[in-house]
Amino acid sequence: MSSRRPAAWHVATVVDSRPETPTARRIELDVPTWPGNDAGSHLDVRLTAPDGYQATRSYSIASAGDGTHVVLAVDELPDGEVSPFLVHDLRAGDQLELHGPLGAFFVWSPPAPGDIPPPVQLIAGGSGVVPLYAMAAAHAASSDAAEFRLLYSVRTPEDVFFREELTALAAGTPALPVDFVYTRRAPAGWPAAPARITGDLLDAATLPAASEPLVYVCGPTPFVEVVAGWLIDAGHEPGNVRTERFGGS
Amino acid sequence: MEKLDGNVLAGHLADVLGWDATGADARCMHCGKHGAVALAVVYASAMGTVARCAHCDSVLAVFVDGDHGRTWFGMPGIAALEMTR
Amino acid sequence: MSFITRGFSGRRGDRDPHLPPGQTLVHDWPVLSAGPTPHIETADWEFVVRTENGARTWSWEELRALGIEDITTDIHCVTHWTKLQMPWRGVSLDRIWESVETEHEYVMAHSYGGYTTNVPLEDLLDGKSWIAFEADGEPLDPEHGGPARLLVPHLYFWKSAKWIQGLVTMPTDEPGFWEQNGYHLHGDPWQEERYW
């Protein structure tokens, strides 16, 4: 109820739109009435056709903090109704109707002064990296000293979202350890053959349950459910594991 | 046809309640278990969005977006929703 | 406040003068559900008709023994898609109703998994509905309502209850699941009876 950033309907103008991966586009929006958003938030985009038909879909926000510049990274779903339009037809200068910021549960904010923040493990499947990238970037921009790690499962090196930004975060101070799992094709010289994530790999690449991290898992539903199951099996408290399921596989 | 979680209800709930209730604690009328709305199992299709209890599968809430901007909201399975003042 | 989004035209697909108003022709078969898909073995499957006079149950074999027909029909989903001339196989409700006596004029269809939808009895009889086992030449997949679903093709397809378990007659028309949540009690695609 007492939300610093209440959800509302906004009109956004597309400032820039460029390829992010072979199937995804990074879209930068100017939203004059935007109250800012926490990292991990999403917004709903509502499209209206000339006959009045409307389609609404949720997209995670890659940007966080105060300000009226909002960044999305939209992956095209093959049978989608909204994502193909956003990826192929949207142009700079177009206007979009947005509802947001949304997401009171799957968000991360820097700790208040005096709080002892827990370490944070981010686990991304495909385009599920978008809200987790927002969290990692918000963490780096804050003075929060908690340990952050990212485990990112992706099909091929070309499908990596925010590659440059993640590389910079990995080289930053403090550094963000980023572990990639390539499931279809790995980069040349990669020490492991492409394969889906396993429980053993998860254990090896993530903060242990004993550190009592907050864990955020985001991606397609089957990915999230399998990973969340392994986390609970490994001893993480269910209350420490936050999940967000995306449509698509 | 998507099986998702209660995070996707945020927009609809904000339209109905005026605030994002996905972090709010909700009690299932059928089995009595409670948890954040975000933990509900959500079946979303063009027919509508059906939120079910993660423990017993009972229907908690339904949103239907009809034509001409009409929307229906039912909460047949939520006994009570905690609001943070 | 909504404004038309430049370049967005909504539903794709062909428009065809044989379609009811507001429908678009599709060639795939979308799956829309309100909950988890039940998985029922035919050995455990039963079909029940309950009236004010009692109940009658058929097993999988007993129901099929009433006589399976080939049906070729159009189906119309309220979410605007239509499939034309789809082949189905099933048992006509007329065969089933030969063993049923009721004064009631309405029926609630009940599905495994809890789904319900209401249909007037006159929309089920006289060659208008079936308990269907096959579509497109194959046994019905669970995600499309297998092992058996109600088939009432002259009404919007949410009335063709998937995973049909039984029919309960009613003296008055009471709303089933989607009807409680905004959808029309009757659902005639030619009258565009989509919502309340």
Item to complete: Calculate, for C:HIS27 and A:GLU237, the FRET efficiency according to 1/(1 + (r/R0)^6) with r their C-beta to C-beta distance and R0 60 Å; round to the nearest 0.05.
Response: 0.80
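Could you give the dipole magnitude of chain C about its Cα centre, charging the beta-carbon of Lys and Arg +1 and that of Asp and Glu -1, in debye to the nearest 20?
Working: 15 positive and 31 negative charges, 176 e Å.
Here the size comes out at about 840 debye.
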Worksheet entry | Cα-based convex hull, the protein assembly as shown, per residue volume (Å³, whole number) | 168 Å³
Item to complete: Rounded to whole Å and sorted largest first, list the principal axis extents of the Cα atoms in the range C:1-117.
Response: 59, 33, 33
Response to the item:
Going from the fewest other Cβ atoms within 10 Å to the most, one would list A:SER41, B:SER58 as B:SER58, A:SER41
Item to complete: Starting with the fewest neighbours, write out C:ILE131, A:ILE61 ranked by other beta-carbon atoms found within 10 Å of each beta-carbon.
Response: C:ILE131, A:ILE61
Discussion item. Full-extension gain between A:GLU165 and A:ALA92, please, as 0.36 nm times their residue separation minus the C-alpha to C-alpha distance.
Written reply: 24.0 nm
Fill in: Whichever lysines have a C-alpha closer than 28 Å to that of C:LYS159, once near sequence neighbours (fewer than 8 apart) are set aside
B:LYS3, C:LYS83, C:LYS128
Worksheet item: Quick one: what do you get for the range A:8-102 if you divide its Cα Rg by 2.2 N^0.38 Å?
Response: 1.00
Discussion item. What FRET efficiency comes out for C:GLU138 versus A:SER143 if R0 is 60 angstrom and r is the Cβ-Cβ distance? Round to the nearest 0.05.
Written reply: 0.45
Discussion item. For q values of 0.19, 0.20, 0.28 Å⁻¹, compute log₁₀ I(q)/I(0) with the Debye formula on a Cα-only model of the range A:142-198, without solvent.
Written reply: -0.72, -0.78, -1.18
Practice prompt. For A:ARG4 paired with C:SER59, estimate the spin-label separation in nm (one decimal), with each label point 7 Å from Cα along the Cα-to-Cβ line.
Written response: 6.7 nm
Worksheet item: In cubic angstrom, how much convex hull volume per residue do the alpha carbon atoms of the range C:45-191 span?
Response: 108 Å³
Practice prompt. Compute all pairwise cysteine Cβ distances in the protein assembly as shown, then list the cysteines with no distance under 4.7 Å to another cysteine.
Written response: A:CYS218, C:CYS77
Response to the item:
Taking alpha-carbon centroids only, the range A:192-226 lies from the range B:1-77 a number of Å equal to 27 Å
Worksheet, complete the sentence: One finds, for A:HIS69 and C:ASP44 with R0 = 51 angstrom and r their Cβ-Cβ distance, a FRET efficiency to the nearest 0.05 of 0.30
Practice prompt. Could you work out the local net charge near A:ASP30, counting Lys and Arg as +1, Asp and Glu as -1, over the other residues with Cβ closer than 12 Å to its Cβ?
Written response: -3
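Where a number appears in this text, it was derived from the coordinates with a stated rule and is not lab data. Bear in mind the structure is a predicted one, so any value in this text is a computation, not a measurement. Every residue, glycine among them, receives a Cβ derived from its backbone with ideal geometry; neighbour counts consider all protein chains shown.
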